[in-house]
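Below is one structure, written out as structure tokens, with a few remarks after it.
The values are calculated or read from the model by the stated rules, or taken from the named source; none is laboratory data. What you are looking at is a predicted structure, and each value in this text was computed from that prediction instead of being measured. Surface accessibility is based on the protein's heavy atoms, side chains included, excluding ligands, DNA and RNA. Shrake-Rupley method; radii C 1.70, N 1.55, O 1.52, S 1.80 Å.
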There are 2 protein chains.
Amino acid sequence: MTSRGKYVYGGLESGTGCLSCYLNALCIAEELLPEETLLLSEIVAPPIRLEKRQVLYRQEAPFTSLYVVRTGCLKQETVVESEQLLTAIWLPGSIIGCDTIGLEHYPSTVSALDTATLCELPFERLEAVMQRLPKLRRRLQRTISRSMQQERMSLQRLLSRTAEARMACFLLAVSDCFHRRGYSPTHFRLPVSRNDIGSYLGLTQETVGRTLATYQAQRLLRVTGRDYQLLDLVRLERLASSTGRRQKRP
Amino acid sequence: MTSRGKYVYGGLESGTGCLSCYLNALCIAEELLPEETLLLSEIVAPPIRLEKRQVLYRQEAPFTSLYVVRTGCLKQETVVESEQLLTAIWLPGSIIGCDTIGLEHYPSTVSALDTATLCELPFERLEAVMQRLPKLRRRLQRTISRSMQQERMSLQRLLSRTAEARMACFLLAVSDCFHRRGYSPTHFRLPVSRNDIGSYLGLTQETVGRTLATYQAQRLLRVTGRDYQLLDLVRLERLASSTGRRQKRP
DNA sequence: CGCGAGTTTGAATCGACTCAATATACGTGG
DNA sequence: CCACGTATATTGAGTCGATTCAAACTCGCG
């Protein structure tokens, strides 16, 4: 998070726009007719490329745009009462900035964990298109509602779970996300430090490491650095959906 | 949560509508001109009165309306993978249903914890008014964004806190909410069982009770049943903003 | 090659949980 | 209105899990 800036990436085919985007079915463009999608792609700013540690926007910066993650991984940090929280981890397909619509300033800082590419949706222009395309507005609202409920639930679940169960929840969420974007659900690189995973899950880095070690000993997965290979999704899911504690007898 | 239904409350002055509502400054009506507020009050359905345990809507029921809490207290429960989570506690001034806009069905069940009165905003009609009043749309979006970020942060904070700190966070949030609605911030009835507080905070009922007892011994507050009297907000805030754990030395 | 950030491992402490038993409040029907 | 039964709260003892702290280790990068 040392330098800020938005560097245009020359490598993306820009002429084709949203129509040919591999994320189409997940982006807000979902369910739009081709001619409607074209309308959308006209307002999409040229793709942004961020290098590791580069900042997309800072807390308190004026709100201008939503961003869709095409590739890479970003983190969102919020400072409140001089306490820093890791409030989100963004993977491909996520829409960043939904928590800022209607506000003047971004409530948090978003930065890249490794090289990332994003689509920028200037909100003013998006608003204009939504005026003409109510379907698009509903689509965005649905995305927002879903993520609100999703996030609330996943955090709520974590609250009453042990470290083991929290890690399982986290890894499965990441796996699921990659899966739906067409990547492997069992083998991925997650460029997040143990420390960051810890503050995202409310654990210490030591506990995160130890838990991964335990998993590895049980042949649930293999980790080398930040490269994860899930070996037994079924057992991980069992771990994630139990609280990890002894059953309270009725 | 035994019986369902929406019973019209005869006791609210209905002719005056939003203009005279004591919540005006907090409801989405904020910042609207009088004539605009009138437009809004025309679509507000007659006030709803719910008795203790009555259900406002059930999970999977078709989405029809947003609701504003006028008085009383409600809880939101979500069942996912046969696990029941207490995902929200709604106090006066809250808008219920923001997590459902754009979706077909409510993602959770909301029921009254004691007698409650609510304003119903049928969403179809609200949408029509927002079409004519962009200001109102922005107002609603701002509310949604704010609550998204707020909720995310407060849950995130809880994750890395001890039972003592979690309880302090919770009580202060409630206190703040009542305060902003014009009630006393230090003396209120919170008709939520220890068990429900526990599942909301990710603690057991025993821990909730013990923590309250500890607080009482330290003259931080007085509790009798579900009646709370906060005696030292400053010290409570200190408790809430520290994690409750020993400081890790740098 | 060496430095530093990130990670791993171990030992001791403290906190929250489970379980069980008791006490209190509350609503219902006699 | 009181007595009862159920739901909710309190209290205590023992266990298990996550934290703190310290130290050694590994990897990537200049």
Check: Using a probe radius of 1.4 Å on protein heavy atoms only, what is the accessible area buried between chains B and A, both sides summed, to the nearest 100 Å²?
Finding: 4100
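Which shape class applies to the stretch A:175-250: rounded if a/c is under 1.5, otherwise prolate when a/b exceeds b/c and oblate if not, where a ≥ b ≥ c are the square roots of the Cα gyration tensor eigenvalues? The partial results should precede the final answer.
Working: a/c = 1.69, a/b = 1.26, b/c = 1.34.
Judged from the Cα gyration tensor, the stretch A:175-250 comes out oblate (a/c at least 1.5, b/c at or above a/b).
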Next item on the list: At a temperature of 20 °C and a viscosity of 1.002 mPa s, determine how fast the stretch B:7-156 diffuses translationally according to Stokes-Einstein, using the Kirkwood radius over alpha-carbon pairs as Rh; express D in µm²/s, rounded to the nearest whole number.
Entry: 135
Notebook entry, point to check: Could you name the aspartates and glutamates in cross-link range of B:K52, using Cα to Cα under 19 Å and dropping any fewer than eight places away on the same chain?
Noted result: B:E77, B:D114, B:E120, B:D196, B:D227
Checklist line | Set of aspartates and glutamates near A:K135 by C-alpha distance (under 19 Å), chain-local residues within fewer than 8 positions excluded | finding: A:E30, A:E31, A:E35, A:E36, A:E42, A:E124, A:E127, B:D99, B:E104, B:E124, B:E127
Notebook entry, point to check: Ignoring ligands and nucleic acids, what accessible area does B:Y22 show with a 1.4 Å probe (Å², nearest 10)?
Noted result: 110
Checklist line | Per residue solvent-accessible surface (Å²) - the stretch A:160-241, probe of 1.4 Å | finding: 46
Margin query: Can you give me the solvent accessible area of A:H179 with a 1.4 Å probe, rounded to the nearest 10 Å²?
Written below: 100
Margin query: Relative contact order of the stretch A:47-104, please, whole-number percent, based on alpha carbon pairs below 8 angstrom and at least 6 residues apart.
Written below: 34
Margin query: Need the C-alpha centroid separation for the stretch A:89-118 versus the stretch A:44-83, integer Å.
Written below: 4
Notebook entry, point to check: Going by the alpha-carbon gyration tensor, a ≥ b ≥ c the square roots of its eigenvalues, is the stretch A:127-233 rounded (a/c under 1.5) or, if a/c is not under 1.5, prolate (a/b greater than b/c) versus oblate?
Noted result: prolate
Note to self: So with the 1.4 Å probe, I'd like the accessible area per residue for the stretch A:7-151, rounded to whole Å².
What the structure shows: 41
Notebook entry, point to check: How big is the gap, in Å, between the Cα center of the stretch B:206-230 and the Cα center of the stretch A:147-201?
Noted result: 35
Check: How large, in percent, is the carbon and sulfur part of the accessible surface of the protein assembly as shown at a probe radius of 1.4 Å?
Finding: 52
Check: Based on the Cα coordinates of chain A, what is the per residue volume of their convex hull in Å³?
Finding: 151
Item checked: Residues losing 30 Å² or more accessible surface upon assembly, the stretch A:71-104, compared with the chain by itself, 1.4 Å -> A:V80, A:E81, A:E83, A:L85, A:T87, A:D99, A:I101, A:G102, A:L103
Margin query: Once you order the gyration tensor axes a ≥ b ≥ c over the Cα atoms, which shape class does the protein assembly as shown get: rounded for a/c under 1.5, otherwise prolate or oblate by comparing a/b with b/c?
Written below: oblate
